[in-house]
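To start, the structure itself, in structure tokens.
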Amino acid sequence: MTSYIPAAARSADGSADGSSDGSAAGRRTIVWLVPVLWTLGLGLWGLSRQDSVWRDEAATWQVAGRSAGEILDLLGNVDAVHGLYYLLMHGLFELFGASTATLRLPSVLAVAAAAACVALIGRRLAGFWAGLGGGLALGLLPAVQFYLQEGRPYALVAAGAGLSTLLLVSLLSAPPGPGRGRRAWPRWATYGVAVLVCALLNWLSLLILPAHAATLWWVRAGRGVWLRWAAYGSGAVAGALPLVLFSRSQSDQVSWIPPLTWHMMIGPAILLAVGGLGALLDRPRAGRLSAAAVGLPLLAVPQLGLIGISLVQPLFLDRYVLFSMLGLALLIGAGLGACVRAARPRFPRAAGLLVPGVVGIAVLALLPVELGKRAPASRVDDVLAVAGEVARLGQPGDAVLFVPAARRDTALVSPGAFAGLVDVALERSPVASATLKGEEADPARIRAALRGQRRVLLVTDAAKVAKPSGAARDAAKAAVLKERFTVVEDRQVRGRRVTVYERR
């Protein structure tokens, strides 16, 4: 069987990095440990985002606080695609309590693990500096910085994608010999499990399989490799297929995603251009396992695949293919490694400072982005800040309304702030109805309930992010408030709004 071991990996890390065999072990540790610590530092920096939680994270928070049985009931109606993630977060909330740290630390740890995978892949394929540069670059990418501190499953998918790609590279790099296939089956099995778990966290992560297929085609993999990849990849697809089919029945959840437009493809085009430059610096050649052979398909195929899917049904959101950023980081690392190798003959001392210098410059250049991602304003709203306003403005016995009903997430995440207030529109609670926002009474009953109130607090979106609601219930709420009540206080904070009405 053909061996795909890259030249940079054949000399125990010595020839590629300029290190002796005695220091190779230490460098192998440094190459992944430094990116892990670096990414953890970036993730822990401003982790609470000034004690803010936005609407997507609020969904995680309130679902994780339910029992396992209640979560399973919910998944039958909504959010089945996130079922595994919700159960995981439920376990963490049970162990460590509900907090912004518990909510976001899994993402921080996941991106750190992904950075380690990028570093190890880069070192194996292009040498020490390529691995170190790629591992450090991952946490600096703006899209990654956003989801690095996000209480949603996308960072976990990136970690799984990194693991599966690392396993594939190790399998392709294994030296030929008798019994190679028998020795490799545990790694192939782990590869299949990693792809399956990623799919159960977000089934669009299955786009990593065609990306890996492109790598196999690039390196001219043998028939045995193709058969094993197809077998274990098909097993992962079969395991995720029930979730894929069932979640399609809940497709109304993504009906708000706009159709694909040309300006939406500007971002992917820039990413592919940057990745292509890194691939050129790596000097890719057909038939050779290289950083370009792995990184370019990992970056391009998921992006292009999601664009293709979005032509049929609008689904183009960068978070669905966040794992493709691992390919970009790997290519950036390969480009940096190539620059180090080019500089070493003429500037041997300065060459070792190139990667740290570039990373330092990138940190300074991206400082506004880094600070912005850690500010509450980086998200569309903050459910905790508006809860504080409700606690300050509300009086025992006041009625409270939510427009749209999804803004009830504020009360679900911060129930103490709504103590003593009466949710006059709610007929069945979110837990009882196995939904995210509960079931509200019909418009006539809402109107009748409101007419008997003295004061009403309306929780809704701030003017700059509010969208018209076509729901009959919301129209009934607005009509009664306009007809019988007068505004006495109005507060807008971090994308949410609280308006206090008193009866005329």
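Note that the stretch 50-132 shows a convex hull volume over its alpha carbon atoms of 126 Å³ per residue. Accessible-area rank, largest first, for 407, 341: 341, 407, with all protein chains present and a 1.4 angstrom probe.
What percent does the relative contact order of the chain come to when contacts are Cα pairs within less than 8 Å and at least six residues apart? Show your work: numbers first, answer last.
Numbers: 869 pairs, mean separation 86.8, N = 504.
That works out to 17 percent.
For the chain, the longest principal axis of the Cα atoms and the long axis of helix 208-218 meet at an angle of about 20 degrees. Give the percent of DSSP beta bridges with both residues in the chain that are antiparallel, rounded to the nearest 5. The antiparallel fraction comes to roughly 70 percent.
Kirkwood radius for the chain, taken over all pairs of different Cα atoms as the inverse mean of 1/r, rounds to 24.7 Å. Accessible area per residue for the chain is 42 Å², calculated with a 1.4 Å probe on protein heavy atoms, without ligands, DNA or RNA.
Extension gain for residue 395-residue 24 works out to 126.8 nm (0.36 nm per residue, less the C-alpha to C-alpha distance). Each principal axis of the Cα cloud of the stretch 32-180 was taken in turn, and the coordinate range along them, longest first, works out to 52, 40, 24 Å.
In the stretch 234-341, the portion of solvent-accessible area held by carbon and sulfur atoms comes to 72 percent [1.4 Å probe, whole percent, DNA, RNA and ligands not counted].
One equal scatterer on each Cα of the stretch 142-278, no solvent, Debye formula: the resulting log10 I(q)/I(0) at q = 0.16 Å⁻¹ is -1.01. Roughly to the nearest percent, how much of the accessible area of the stretch 120-209 is carbon and sulfur, given a 1.4 Å probe? Reported share for carbon and sulfur atoms: 74 percent. Here the Debye sum runs over all C-alpha atoms of the stretch 203-272 as equal scatterers in vacuum, and log10 of I(q)/I(0) at q = 0.15, 0.19 Å⁻¹ comes out as -0.77, -0.95.
The values are calculated or read from the model by the stated rules, or taken from the named source; none is laboratory data. Fair warning: this is a prediction, and the values are worked out from it, not measured in the lab. Note: areas computed on protein heavy atoms with side chains; ligands, DNA, RNA excluded. Shrake-Rupley method; radii C 1.70, N 1.55, O 1.52, S 1.80 Å.
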